[in-house]
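Student: Please see the structure below; I have some questions.
The values are calculated or read from the model by the stated rules, or taken from the named source; none is laboratory data. All figures in this text were calculated on a predicted structure; none of them were measured in a lab. Reconstructed Cβ throughout: ideal geometry from the backbone, glycine too, with neighbour counts over all protein chains shown. Note: accessible area is taken over every heavy atom of the protein model, side chains too, but ligands, DNA and RNA are not part of it. Shrake-Rupley method; radii C 1.70, N 1.55, O 1.52, S 1.80 Å.
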Amino acid sequence: MQACALRQPVEVAVSQPVPVAVPVKDTPPAELTRCAARPEGLPENPALVAQIPTAIRAGIIRLARAFAANANQLDRLIAWTGTPCPAAPH
């Protein structure tokens with residue numbers, strides 16, 4: 001039976017690395033596949049923004065952007081496992 005004979009692997013030259021998909025045997029626990037919770041942000045009252053010192057305001061902005069990036073990454077990971085999250089409010 002020639003089809004069962006061992007063959008030497010054939011190497012093919014490629015210009016870029018080729019991604020390889022690996023099947024996952026276990027499903028993650030339910031608490032790890034929940035979409036990110038996005039709390040309501042600060043009020044958008046221009047009078048209140050002027051009362052926050054500049055350094056504190058910059059820190060709040062950095063924290064909010066980091067939180068949003070992590071939440072988006074979690075949502076993309078969950079969507080990759082097969083259950084897309086609802087669109088994030090903007």
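Student: Multiplying the sequence separation of residue 79 and residue 15 by 0.36 nm and subtracting their Cα-Cα distance, what value in nm do you get? Intermediate results must be reported in sequence, preceding the final value.
Tutor: On the way: separation 64, 0.36 × 64 = 23.04 nm, distance 2.97 nm.
So the chain would gain 20.1 nm between residue 79 and residue 15.
Student: Carbon and sulfur together cover what percent of the accessible area of the chain at a 1.4 Å probe radius? Provide the component values of the computation, followed by the final result.
Tutor: Values: 5450 of 8790 Å².
Roughly 62 percent of what the probe reaches on the chain is carbon or sulfur.
Student: Sticking with this one: Calculated from DSSP H runs of 4 or more alone, at -39500 (n - 2.57) each and per residue, what is the 222 nm mean residue ellipticity of the chain, nearest 500? Write out the running numbers ahead of the final one.
Tutor: On the way: 2 runs with 31 residues, N = 90.
Roughly -11500 deg cm²/dmol at 222 nm, from the helical runs in the chain.
Student: Rolling a 1.4 angstrom probe over the protein heavy atoms, how many square angstrom per residue are accessible across the chain? Let's see the in-between values first.
Tutor: Numbers: 8790 Å² over 90 residues.
On a per-residue basis, the chain sits at 98 Å².
Student: Further question: Any chance you could give the angle, 0 to 90 degrees and rounded to 10, that helix 54-80 forms with the longest Cα principal axis of the chain?
Tutor: 30
Student: Compute for the chain: radius of gyration divided by Kirkwood radius, i.e. Rg/Rh, restricted to C-alpha atoms, rounded to two decimals. Please report the intermediate quantities before stating the final value.
Tutor: Numbers: Rg = 23.7 Å, Rh = 18.4 Å.
That ratio is 1.29, to two decimals.
Student: Could you point to the residue in 68, 56, 28 farthest towards the positive end of the chain's charge dipole, with +1 and -1 charges on the Cβ of Lys/Arg and Asp/Glu respectively?
Tutor: Positive-most Cα among the choices belongs to 56.
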